[in-house]
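Everything on this sheet refers to the single structure shown next.
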Amino acid sequence: MTFELPNLPYAYDDLEPYIDSKTMEIHHSKHHATYVQKLNDALGKYPDLAKKEINEILKNINSVPIEIKTAVINHGGGHFNHSFFWNIITPDKKKRELKGKIAEAIKKEFGSFDEFKKKFSEAALARFGSGWAWLVLNGDELEIYSTGNQDSPIMGGKTPLLGLDVWEHAYYIKWNSDRKGYVENWWNVVNWERVNELYEKKA
Ligand code: MN
């Protein structure tokens, strides 16, 4: 078995005007597709590993053979992170409402949603170069942090609930170097229903 590029659960232009169609198309059909291709290339000589789910491989990254470990971290992480990312954004307005247990947990941990949003955005803007901002469950605790490149929280045993891709490839077509504009607009398309499901599964 080889890994495959998952279909998006919506059309490329469905997130307009917040995320533009061209960015979505290139991001999914070129960037994500390349991670999948290079992950398959790396696992070519390791059929037993290629049979596993990507999250299982990343959770046990230290048991991946050293000669392909970096490739699996980069391209396996890229595949996992992007598959995750497409599902925590949505064109469905009903799913964009923050409610349920995650809403209560955010208020409890960060004081208010605005304070949470501020801290998460700061993590996204402060990440130097390419990487991701995350809201994760670290054990029972909600935590905001960022990772470099395609390092995935699941490699560190954390459970990602929300993730924001701040690689330039995620925004340069529309926003050029304005990462802040991209981050501010991205909040409009977060699939809070999905984030709540992920939280309830683990909390
Ligand atoms: Mn990306």
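Derived scalar couplings between HN and Hα for segment 134-142 equal 9, 10, 10, 9, 10, x, 9, 9, 6 Hz in order, rounded to whole Hz, by the Karplus curve 6.51 cos²θ - 1.76 cosθ + 1.60 (θ = phi - 60°), x for Gly and Pro. In the chain, the calculated helix contribution to ellipticity at 222 nm averages -12000 deg cm²/dmol per residue, counting -39,500 (n - 2.57) for every DSSP H run with n ≥ 4. Distance between the modelled labels on LYS93 and GLU25, one decimal in nanometres: 2.7 nm (7 Å Cα→Cβ projection). Among the listed pairs LYS108/LYS180; LYS69/LYS93; LYS94/LYS118, those with a Cα-Cα distance over 31 Å are LYS69/LYS93. Computed from Cα atoms alone, the Kirkwood hydrodynamic radius reported for segment 93-202 is 14.3 Å.
Roughly how many percent of the accessible protein surface of the chain is carbon and sulfur, given a 1.4 Å probe and a whole-percent answer? Write out the running numbers ahead of the final one.
Numbers: 4840 of 10280 Å².
Reported share for carbon and sulfur atoms: 47 percent.
Close amide H partners of LEU162, meaning residues 5 or more places away or on another chain with modelled amide H under 5 Å apart, are LEU135. Peptide packing for 31-43, 152-164 was compared via the average number of neighbouring C-beta atoms within 10 Å per residue; ordered from the highest value, the list is 152-164, 31-43. Its residue count N sets the reference 2.2 N^0.38 Å, and the alpha-carbon radius of gyration of segment 9-126 equals 1.32 times that reference. Using a Förster distance of 25 angstrom, determine the FRET efficiency expected from the C-beta separation of GLU115 and GLU200, and round it to 0.05. Here the calculated transfer efficiency is 0.65.
If I fit a long axis through the Cα atoms of helix 101-110 and take the longest principal axis of the Cα atoms of the chain, what angle between them do I get, 0 to 90°, rounded to 10? Around 80 degrees separate the two axes. Normalised by residue number, the volume inside the convex hull of the Cα atoms of the chain is 113 Å³ per residue.
With +1 on each Lys and Arg Cβ and -1 on each Asp and Glu Cβ, and nothing else charged, work out how big the dipole of the chain is about its Cα centre, in Debye to the nearest 20. Spell out each step's value before the answer.
Details: 27 positive and 29 negative charges, 32 e Å.
Value, rounded to 20: 160 debye.
Phi angles across segment 84-95 convert, under the Karplus curve 6.51 cos²θ - 1.76 cosθ + 1.60 with θ = phi - 60°, into 3J(HN,Hα) values of 5, 4, 4, 9, 9, 10, 8, x, 7, 4, 5, 6 Hz, Gly and Pro given as x.
In order along segment 180-191, the phi-based Karplus estimate (6.51 cos²θ - 1.76 cosθ + 1.60, θ = phi - 60°) of 3J(HN,Hα) comes to 4, x, 4, 4, 4, 6, 4, 4, 5, 10, 5, 8 Hz; Gly and Pro are listed as x. For the chain, the solvent-accessible area with a 1.4 angstrom probe is 51 square angstrom per residue.
The values are calculated or read from the model by the stated rules, or taken from the named source; none is laboratory data. Computed from a prediction, not measured in an experiment: that's the story for all the values here. Here the Cβ is made from the backbone with ideal geometry for all residues, glycine too, and neighbour counts use every protein chain on show. These area figures cover heavy atoms from the full protein model, side chains too; ligands, DNA and RNA do not enter into them. Shrake-Rupley method; radii C 1.70, N 1.55, O 1.52, S 1.80 Å.
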